[in-house]
Every structure is written in C-alpha cells, then in structure tokens.
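Everything below concerns the one structure shown next.
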Amino acid sequence: MKKPSYVTDKALKTFIKNALEEDIQDGDHSTLSTIPQDLKQSAKLLVKQDCILAGVELAEFIFKTFDKDLKVEIFLKDGDAAKVGDIALIVTGSARSILSTERLILNCMQRMSGIATLTHDWDSRLVGTKTKLLDTRKTTPNFRICEKWAVAIGGGTNHRYGLYDMIMLKDNHIDYNGSITNAVKMAKDYIKKTKKKLKIEVETRNLKEVQEAIKAKVDRIMLDNMNVEMMKQAVEMINGSCESEASGGITRDMLKEIASTGVTFISAGALTHSAENIDLSLKAVK
C-alpha cells in the first residue's frame, strides 16, 4: 500500500535514530560480548497470533538503516491477514545487527499490528455506509508516526497529524475565546494573514452550537458526546453545508447506529490508545 504523506524517509530516520539511541547508548554489550563480529546468521519474524500485519515496511527500513548489508526477504506485506505460524520475513546478515535491532523491530510491529487489527475490525462495521473511520491525536509521544501509519494500514483514515496541519477549535478554545463565532472569525483572520492553507473544524456540544458553527461557515463540525438522536438532528441541520464528525465515547457496538445518522466521519481515540499488542517474535533460523 502507498505510505501516508507524513511517512517520509527523513521522519523515519529521525524516529529510528532516537529509538536506537534510547536502547543501545554506548553499546549492546550482551551482543558485543558474546557474538563474533564476522558471524552471519538468519532470523525469521514469526506470527504467533492471528492479525492484520503492520510494520513490515518499517522493519525493513530499520534493518537497512542500521546495517545496509542486511538482506530482508518479505513473505507478508503490510495489511495482509496473518495467521499463527506464518513467517512474515527472514533477515540475513550480521548476527550482531540482527540482535541489536530485534527489540525495536518487535516493539514497532507488535504495536502497529495491534492497531491495524483493531482498526480493520472497527472499519468492517462501516462497510456499506458512506461514513469513514478516523483516528485522533491520542497517540504515544514520539510514536505517532507508527500509530497513525498502522491505522491507515488497517483501513482507517487519518485525522490531522498534529496541531500544525488543521485548525480545530475545541471546547477550551471556544470557552477561552467567548464564542464559536468569535473563535472562527479570529481563525479565518489568522489564515488570511499567514496565507496558510488550513481547514477549520469546530467542536460542538449541543444543537445551539451546531447552528452557530453552521452560520460561521466552517469546513467541519464535530458532534461531541451527543446521543444518536441529537447527532441525527445535527446532520439534518448541517444538510451537507460542511463535513460532520461524530466523536467522544465511541465504542465498536455504536458504529453502525452512528453511521446511520449520515455523519461524514466517526473519530475514535480507542484505535490507538486501546489496541492490544499482537504476539510476534524474531527467532534464529537453525
């Protein structure tokens, strides 16, 4: 699958550099003390739990960034449905390099596969509807690139990546500012002054605020913690004048009913903060 735009070589190299520095510091002494420098070996990435696999492309990138001479043979791609006992890839080369990158590879792939698997399950509930499933910024600090990439691999759609690529006026922005009308006007003035191409989304908590957001002419209106009946009324009020997004306390069992209201998007922080890691291991090929 095509990588999301934020998954650049530069961003990945920065992430990998910081992750390896955290783990290795002045040396992988377990490996340096027991494994000869010239020893060549192979290891297989073993799937130990049914899942939607994610992080394969990242794993290859990590291996090659650490040691360009490592050879990676890939058998399962990102987004593939993997079964217990499947081999996702085999890496061959310096035994030291394999051992020093093993935990970073597994940490990334186990977490990413968990998110992709959960996202795929949730997204399957929306088949046949026009509603798209979004993630949120409720991600692990310094690991967002992997978590949002995993959502995309699982079939979900990424919301804004960070604070810089969209203006989202949430309840605190509005409460600090005084009103939706004032906040949106200031945001539009800011966009005009800075000449930035940013969409504006406004969080609403009731139908009165929805009406105010409609009059302010924004790109998307978030329906926060509303019950299904109120969401339905809000979508009818919006009437296609902008996008709509259901958010707040979303669970898997609610997805179909919420989609029936006609909302454009459903966003759920659970995709990234509540996914369970998938059991994978990197084992020596004997």
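The values are calculated or read from the model by the stated rules, or taken from the named source; none is laboratory data. Keep in mind it's a predicted model, so treat the numbers as computed, not measured. Quick reminder, even Gly has a Cβ in these numbers, built from the backbone with ideal geometry, and neighbours come from all protein chains shown. Remember, those area values only see protein heavy atoms, side chains included, never the ligands or the DNA or RNA. Shrake-Rupley method; radii C 1.70, N 1.55, O 1.52, S 1.80 Å.
Structure above, values below:
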| quantity | calculated |
| --- | --- |
| Extreme residue, farthest from the chain's Cα centre (by Cα), among residues of the range 121-163 that are among the small types (Gly, Ala, Ser) and surrounded by fewer than 21 Cβ atoms within 10 Å (Cβ to Cβ) | GLY128 |
| Residue within the range 261-273 that is on the phi > 0 side of the Ramachandran plot, open to solvent by 40 Å² or more (accessible area, probe 1.4 Å) and in contact with a Lys or Arg (Cβ under 9 Å, 6 or more places away or on another chain) present | yes |
| Residue in the range 169-182 that is in contact with a Leu (Cβ under 6 Å, 6 or more places away or on another chain) and either β-branched (Val, Ile, Thr) or assigned to a helix (DSSP H, G or I) (or both) present | no |
| Check on TRP149, of a type outside the set (Val, Ile, Thr) and in contact with a Pro (Cβ under 8 Å, 6 or more places away or on another chain) | yes |
| Residue count for the range 1-32, restricted to those that are over 19 Å from TRP149 (Cβ atoms), in contact with a Lys or Arg (Cβ under 8 Å, 6 or more places away or on another chain) and either open to solvent by 90 Å² or more (accessible area, probe 1.4 Å) or not in a helix (DSSP H, G or I) (or both) | 2 |
| Residues of the range 94-148 that turn out to be closer than 27 Å to ALA246 by Cα, of a type outside the set (Ser, Thr, Tyr) and part of a helix (DSSP H, G or I), as a count | 15 |
| Filtered residues of the range 174-202 (kept if of a type outside the set (Gly, Ala, Ser) and in contact (Cβ under 8 Å) with a residue 24 or more places away in the chain) | ILE174, ILE180, THR181, VAL184, LYS185, ILE191, LEU198, LYS199, ILE200, GLU201, VAL202 |
| Conditions (1) open to solvent by less than 60 Å² (accessible area, probe 1.4 Å); (2) free of Cβ contacts under 8 Å to residues at least 60 places away in the same chain: number failed by LYS83 | (1) |
| Residues that are assigned to a loop (DSSP other than H, G, I, E, B) and open to solvent by 60 Å² or more (accessible area, probe 1.4 Å), drawn from the range 237-250 | ASN239, GLY240, SER241, GLY249 |
| The range 40-71 - residue that is of a type outside the set (A, V, I, L, M) and part of a helix (DSSP H, G or I) and, of those, surrounded by the most Cβ atoms within 10 Å (Cβ to Cβ) | PHE63 |
| Total residues in the range 164-188, condition among the small types (Gly, Ala, Ser) and either open to solvent by 40 Å² or more (accessible area, probe 1.4 Å) or modelled with pLDDT under 95 (or both) | 1 |
| The range 95-120, subset surrounded by fewer than 22 Cβ atoms within 10 Å (Cβ to Cβ) and hydroxyl-bearing (Ser, Thr, Tyr), residue farthest from ALA268 (Cα to Cα) | SER97 |
| Residue under evaluation ASN277, criteria (1) of a type outside the set (Ser, Thr, Tyr); (2) part of a loop (DSSP other than H, G, I, E, B); (3) loosely packed, with under 13 Cβ neighbours inside 10 Å, criterion not met | (3) |
| Residue match in the range 248-260 (condition: touching a helix residue (DSSP H, G or I) at 6+ places or on another chain (Cβ under 6 Å) and closer than 17 Å to MET166 by Cα) | no |
| Some residue of the range 60-79 being over 15 Å from CYS108 (Cβ atoms), of a type in the set (Phe, Trp, Tyr) and touching a strand residue (DSSP E or B) at 6+ places or on another chain (Cβ under 7 Å) | yes |
| All positions within the range 184-234 that are part of a helix (DSSP H, G or I) and polar (S, T, N, Q) | THR194, GLN211, GLN233 |
